[in-house]
Amino acid sequence: MTISFDNKVVIVTGAGGGLGRSHAIEFARRGAKVVVNDLGGEVDGSGSSSEAVNKVVKEIADLGGVAIPNGASVTDDAGVKHMIDQTIEEFGRIDILVNNAGILRDKSFSKMEMEDFTKVTDVHLIGSVKPTKQVWDIMKDQNYGRIIVTTSSTGLYGNFGQANYGAAKLALVGFVNTLKLEGQKYNINCNILCPVAYTRMTSNLMPPEAEQLLTPSSVTPAVIYLSGENAPNGTILCAGAGVYSVAKILESDGKNLGLKATAEDIEKNWDKISDFSDAKPFNMGSEQTAKVIEIAMKSE
Ligand code: NAI
């Protein structure tokens with residue numbers, strides 16, 4: 001079934017270039033009214049400019065779509081509030097929020113200044129929390145919403161030089177793990193995109209040939225799917241170069257070593273404890289607690 005966004009309103013943060021621009025254009029093509037947000041700074045988060053957002057808004061207008069520019073920083077309370085007020089004033093509702101804005105300050109951990117850490121976590125984590133907080137009650141009241149955060153393989157698995165970025169990106173998974181539960185009864189589905197694409201952020205981390213394959217437009221269908229009426233809830237959808245996959249946090253079945261177990265017992269039983277052949281995901285923390293209790297109650 002065609003996924004259409006007629007009469008739907010979407011905010012895409014960091015949509016002045018790269019992945020965000022691609023998402024914004026595709027939403028507009030599919031009938032959404034789009035708020036194109038971007039601070040317009042450098043990859044490291046310095047500076048600001050309205051040039052990029054204005055260009056994307058014009059591109060959308062040239063395609064016959066509807067879009068307005070917004071230059072707020074996603075970390076700025078007043079700016080984020082203004083973005084939400086502006087969206088409601090202009091379009092009357094907010095159906096979809098795509099938290100995509102991001103920066104990089106790569107350095108090995110020993111060389112990383114605390115400011116590099118806090119700035120990166122501020123933009124990725126707090127810069128997703130603030131817009132989400134502002135739209136949450138609006139979506140609750142209208143009994144409909146789709147929220148996407150953007151994680152990274154660095155958050156899920158790690159990468160050299162990206163302790164700050166990885167911490168922020170996995171924090172977003174933790175954020176959605178709870179939002180998916182709280183939003184469910186209001187028809188607010190929250191999901192996580194794990195993209196890979198050749199953009200200004202990654203162009204110096206990838207060989208030039210990657211540009212042909214790792215196109216932003218080959219990630220955007222994942223965002224469109226996660227924004228549709230039939231979107232899943234709480235899923236990590238990985239997308240890049242036309243390849244789509246789902247990531248999950250799994251836990252091994254475990255072994256009951258008893259209340260008196262020692263560290264040496266753990267060492268002795270490591271193979272069984274870390275055996276993933278019966279590993280399971282959980283939908284919420286209490287399910288994991290219930291599993292622990294169930295296994296503990298079984299006599300060895
Ligand atoms: P990009 O640098 O082209 O886009 C990021 C955009 O966010 C920029 O236009 C920038 O001006 C904007 N931005 C930065 N700070 C902002 C702020 N405080 N407020 C508003 N806008 C702000 O990079 P790309 O690759 O398109 O990244 C998009 C998202 O995807 C980021 O969250 C990034 O971490 C994530 N990602 C990208 C991957 C890739 O392979 N390109 C891999 C994994 C995640």
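Given the conditions (1) under 29 Å from R29 (Cβ atoms); (2) touching a Cys at 6+ places or on another chain (Cβ under 9 Å), and given that H124 satisfies all but one, which numbered condition is not satisfied? Evaluating H124 over (1) under 29 Å from R29 (Cβ atoms); (2) touching a Cys at 6+ places or on another chain (Cβ under 9 Å) leaves (2) as the failure.
For L104, the stated conditions hold: it is within 14 Å of the ligand (Cβ to nearest atom), modelled with pLDDT of 95 or more, of a type outside the set (S, T, N, Q) and closer than 19 Å to S46 by Cα. Between a residue in segment 172-193 that is over 12 Å from P232 (Cβ atoms) and within 16 Å of the ligand (Cβ to nearest atom) and any residue that is assigned to a helix (DSSP H, G or I) and of a type in the set (S, T, Y), which pairs come within a Cβ distance under 8 Å, given they are 6 or more apart or on different chains? Once the first residue is over 12 Å from P232 (Cβ atoms) and within 16 Å of the ligand (Cβ to nearest atom) and sits in segment 172-193, its partners that are assigned to a helix (DSSP H, G or I) and of a type in the set (S, T, Y) give L172/S128; F175/S128; F175/T132. Restricting the first member to segment 67-87 and to residues that are farther than 13 Å from I11 by Cα and without any contact (Cβ under 8 Å) to a residue 12 or more places away in the chain, and the second to residues that are near the ligand (Cβ under 9 Å from one of its atoms) and open to solvent by 20 Å² or more (accessible area, probe 1.4 Å), the beta-carbon pairs closer than 7 Å and six or more apart or on different chains are G79/S73.
Residue count for segment 129-153 under the criterion of being under 19 Å from I249 (Cβ atoms) and open to solvent by less than 20 Å² (accessible area, probe 1.4 Å): the result is 5.
Let me spell it out: the conditions are (1) open to solvent by 90 Å² or more (accessible area, probe 1.4 Å); (2) without any contact (Cβ under 8 Å) to a residue 12 or more places away in the chain, and D265 meets all of them except one. Which number is the exception? Tallying (1) open to solvent by 90 Å² or more (accessible area, probe 1.4 Å); (2) without any contact (Cβ under 8 Å) to a residue 12 or more places away in the chain, D265 fails exactly one: (1).
Each residue in segment 140-191 was checked for being more than 17 Å from E229 (Cα to Cα) and either in contact with a strand residue (DSSP E or B) (Cβ under 7 Å, 6 or more places away or on another chain) or basic (K, R) (or both), and 12 pass. If you filter segment 156-166 down to residues that are without any contact (Cβ under 8 Å) to a residue 24 or more places away in the chain and assigned to a helix (DSSP H, G or I), you find that the one that is nearest to S110 (Cα to Cα) is G166.
Considering only residues in segment 254-292 that are basic (K, R) and part of a loop (DSSP other than H, G, I, E, B), the one that is nearest to T178 (Cα to Cα) turns out to be K255. Residue by residue through segment 91-122, note down the ones that are open to solvent by 20 Å² or more (accessible area, probe 1.4 Å) and among the acidic types (D, E). Matches in segment 91-122: D106, E113, E115, D122.
Collect the residues in segment 242-251 that are in contact (Cβ under 8 Å) with a residue 12 or more places away in the chain and either open to solvent by 70 Å² or more (accessible area, probe 1.4 Å) or out of contact with any Ser or Thr (no Cβ under 6 Å at 6 or more places or on another chain) (or both), keeping them in residue-number order. The answer is Y244, A247, K248, I249, L250, E251. For segment 149-165, the tally of residues that are within 11 Å of the ligand (Cβ to nearest atom) and aliphatic (A, V, I, L, M) stands at 2. Exactly one residue among K169, K119 is among the basic types (K, R) and within 30 Å of K8 (Cα to Cα), and that residue is K169.
Residues in segment 13-35 that are open to solvent by less than 10 Å² (accessible area, probe 1.4 Å) and near the ligand (Cβ under 10 Å from one of its atoms): 4 in all. Among the conditions (1) within 30 Å of R30 (Cβ to Cβ); (2) touching a residue at least 60 places away in the same chain (Cβ under 8 Å); (3) open to solvent by 40 Å² or more (accessible area, probe 1.4 Å), the only one that M284 does not satisfy is (1). When L179, L125, L193, L156 are checked against the criterion of being modelled with pLDDT of 95 or more, open to solvent by 30 Å² or more (accessible area, probe 1.4 Å) and within 25 Å of V9 (Cβ to Cβ), a single residue qualifies: L125. What about V43, is it out of contact with any Cys (no Cβ under 7 Å at 6 or more places or on another chain) and open to solvent by less than 20 Å² (accessible area, probe 1.4 Å)? Judged against the criteria, V43 is not a match.
The values are calculated or read from the model by the stated rules, or taken from the named source; none is laboratory data. These figures come from a predicted structure and were not determined experimentally. Glycine gets a Cβ as well: all are built from the backbone with ideal geometry, and neighbour counts include every protein chain shown. Just so you know, the surface numbers come from the protein's heavy atoms only, side chains and all, with ligands and any DNA or RNA stripped out. Shrake-Rupley method; radii C 1.70, N 1.55, O 1.52, S 1.80 Å.
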